Amino acid sequence: MDYYYSETLMIDKYPGIHLLQDHIGTNYGVPWDDFGYIITFKVYYVRDIDKIKIGNIKMLSKANENTSLYFKEHGEEIELKIININGALSENKLVSIGEDINYYKKINTLFQPEKIDALLESLCDAGYFLRNQGEYSEWSGYSGSLMRGSSSAAILKKGYQIALGRYNPKTKFELNIESLGDSFDPISFKFNMNRKVGKSNICLIIGKNGVGKTHILKRISEVITGVTDGEEHPPYFHKLIVIAHSPFEDFYTENEIFNKLTVKYSREGSLANKKSLKRKRLHVNEYSYIGFRNQDGIFDPEYPVLKSVESIIKILSYDEENDWWNDKTRFQLLKETLSISIEFDSISILDNGGDEICINEETKINSIKENINLKKGLIFKKHGATIPLSSGQKIYTYMIPAIISELEEESLLILDEPELYLHPELEVGLINMLKNILDETKSFSIIATHSSILTREVERDAVTILRKIEGNTKVFRSSVETYGESIDVIVSEVFDDEYVSKPYQKEIDKYFIRDSSSISEIKGYIGNDALAYALSKSDDDKMSFEDE
């Protein structure tokens, strides 16, 4: 097979693999500057019948900060803007890695097994040349650009095996977070997909306000994205998605994470921090924030509405580009998931003229997306009539499209108190929808919650209870199996309900202080727990209980 560096999309008459800088065919005038290194390329496969975009790679040159200059110097120009680079590809001078895991999945779909090794060898793939990592790590740009963040670490470990069809994800592992500060116990999140029932791809953090749940979640985001070093975090998640719909949350937005990475990795002369946020997200895509703060970090109650429409556009655009190899489209996953809690048969959006556009798997969104009104949100219909949504269902329609538009396989979803705005039935719907998404994408979740209903759906070893003791946050496990346990037991055991003074107990105390002598006088006004409390407070010598 022949390999080319091309500066045009007019490549159809040259069968083989073509590397094009990422700005070719877009409105961007220059290639992406990845913290001082210009190493991002689109990979196209040209064959007799068509040309297919396999995905994006980062290819680092040992000698040049701009890999295209290496190709121009060592390749052979066969016509204007097309350079044959067969003789320039050497693992001693170049190393590459896919920008996402789908790159390797498409290779597995497109090529026979005997040709995959030759392809990845020619492209100097880091996973194929894993034995060379010690040498590559000494190259300028390897750590701060090519292998920046846990996403690249995940792809390095899995990509080659995925391309060959040999990869099996871990089904039991721990995520250990130790660097939380002197006042925090280390935390171990235990995921276990080997249980016969109650497979735990969800872990919970439970604790009173002020114990540091948000601090822990933000620390996880710093570790997973590579903002902070020094923690072990198998299984090297491909992406981190943070979902928080409280008006008081302060989790990192994508721009804030990018700015932290800029401080860590940027070199003098890099243009990376001057790029638009939209373009940053194309290439620094291992993190996504879903909530009420807009791209400038400002609280905007209308932003989730706009985001939901943008998410639909992204989902359908992805499906248009990838329908040739995916068994299930992301739009199908969206409908399947939302249908668990909302009864609908169609989703519509409005164009700028106010006309309704019904969305389905056949919609060619790329041809109409410039005329879509982003501010009007999604419209759900049943038998042609618009469905009025509760506040909780609206949160679903904000959250689920955004998650599915951003999700990659083996991602980690962090949710902060997702039960806000939800009544108990919708909490059940939430856990069902999350499990559907996680199962479909082999992903995992950590949830900070005060919900006994969510806790009932998670096994004991996956529930982390935080308590503040003498100013320090301590970690505990439940002494009872929480999966499938009664709500009363969970509330008492996990949420320390038995140690909290309740208003009804104070009222009963006042009743006894007033010299009332018979519990029978209040029996008809109180429930079983209150009755048991009243009995525990009664004085047998002074009071009688008259059975009526």
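The values are calculated or read from the model by the stated rules, or taken from the named source; none is laboratory data. As the structure is a prediction and not an experimental result, all values here were calculated from the model. Glycine gets a Cβ as well: all are built from the backbone with ideal geometry, and neighbour counts include every protein chain shown. For the accessible areas, the whole protein counts, side chains as well, though only heavy atoms, and no ligand, DNA or RNA atoms are used. Shrake-Rupley method; radii C 1.70, N 1.55, O 1.52, S 1.80 Å.
Quick test for you: out of 419, 425, 409, pick the one residue that is outside any strand (DSSP E or B), closer than 21 Å to residue 237 by Cα and not small (Gly, Ala, Ser).
Going through 419, 425, 409 in turn, just one is outside any strand (DSSP E or B), closer than 21 Å to residue 237 by Cα and not small (Gly, Ala, Ser): 409.
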Residues located in the stretch 32-41, provided they are open to solvent by less than 20 Å² (accessible area, probe 1.4 Å) and not in a loop (DSSP other than H, G, I, E, B) | 34, 37, 40, 41
Residues being open to solvent by less than 70 Å² (accessible area, probe 1.4 Å) and either out of contact with any Leu (no Cβ under 9 Å at 6 or more places or on another chain) or at pLDDT below 95 (or both) - total across the stretch 62-77 = 3
Answer with yes or no whether residue 104 is buried (at least 19 other Cβ atoms within 10 Å of the Cβ), under 21 Å from the mean Cα position of the chain (by Cα) and without any contact (Cβ under 8 Å) to a residue 60 or more places away in the chain.
-> yes
Looking at (1) open to solvent by 50 Å² or more (accessible area, probe 1.4 Å); (2) modelled with pLDDT under 85, can you tell me which one residue 320 breaks?
-> (2)
Check on residue 158, touching a Gly at 6+ places or on another chain (Cβ under 9 Å), closer than 30 Å to residue 108 by Cβ and modelled with pLDDT of 90 or more | yes
Please give the number of the condition residue 180 fails out of (1) touching a Gly at 6+ places or on another chain (Cβ under 9 Å); (2) at pLDDT 95 or above.
-> (2)
Taking the stretch 458-482 and the residues there that are open to solvent by 70 Å² or more (accessible area, probe 1.4 Å) and out of contact with any strand residue (DSSP E or B) (no Cβ under 8 Å at 6 or more places or on another chain), the one that is farthest from residue 431 (Cα to Cα) would be 470
In the stretch 144-188, how many residues are of a type in the set (Ser, Thr, Tyr), in contact (Cβ under 8 Å) with a residue 60 or more places away in the chain and open to solvent by 30 Å² or more (accessible area, probe 1.4 Å)?
-> 1
Restricting the stretch 210-236 to residues that are modelled with pLDDT of 90 or more and part of a loop (DSSP other than H, G, I, E, B), which is nearest to residue 287 (Cα to Cα)?
-> 212
When the residues of the stretch 340-354 are filtered to those that are surrounded by 11 or more Cβ atoms within 10 Å (Cβ to Cβ) and of a type in the set (Asp, Glu), which remaining residue is nearest to the chain's Cα centre (by Cα)?
-> 345
Could you tell me whether any residue of the stretch 82-95 is touching a Gly at 6+ places or on another chain (Cβ under 6 Å), closer than 28 Å to residue 320 by Cβ, open to solvent by less than 60 Å² (accessible area, probe 1.4 Å) and not in a helix (DSSP H, G or I)?
-> no
Hey, among the residues in the stretch 491-509 that are open to solvent by 60 Å² or more (accessible area, probe 1.4 Å) and at pLDDT 85 or above, which one's nearest to residue 207 (Cα to Cα)?
-> 503
Quick one: would you say residue 370 is assigned to a helix (DSSP H, G or I), farther than 14 Å from residue 405 by Cβ and out of contact with any Leu (no Cβ under 9 Å at 6 or more places or on another chain)?
-> yes
Examine the stretch 50-61 for a residue that is over 29 Å from residue 407 (Cβ atoms) and open to solvent by 40 Å² or more (accessible area, probe 1.4 Å), and state whether such a residue exists.
-> no
Only unsatisfied item for residue 29, checking (1) farther than 14 Å from residue 98 by Cα; (2) surrounded by fewer than 19 Cβ atoms within 10 Å (Cβ to Cβ); (3) in contact (Cβ under 8 Å) with a residue 24 or more places away in the chain, is (3)
How many residues does the stretch 470-510 contain that are aliphatic (A, V, I, L, M) and part of a strand (DSSP E or B)?
-> 1
Return the residue satisfying two criteria in turn: it lies in the stretch 257-308 and is more than 26 Å from residue 223 (Cβ to Cβ), among the small types (Gly, Ala, Ser) and surrounded by fewer than 18 Cβ atoms within 10 Å (Cβ to Cβ), and of such residues it is modelled with the lowest pLDDT.
-> 269
Quick one: count up the residues across the stretch 60-81 that are under 30 Å from residue 408 (Cα atoms) and assigned to a helix (DSSP H, G or I).
-> 2
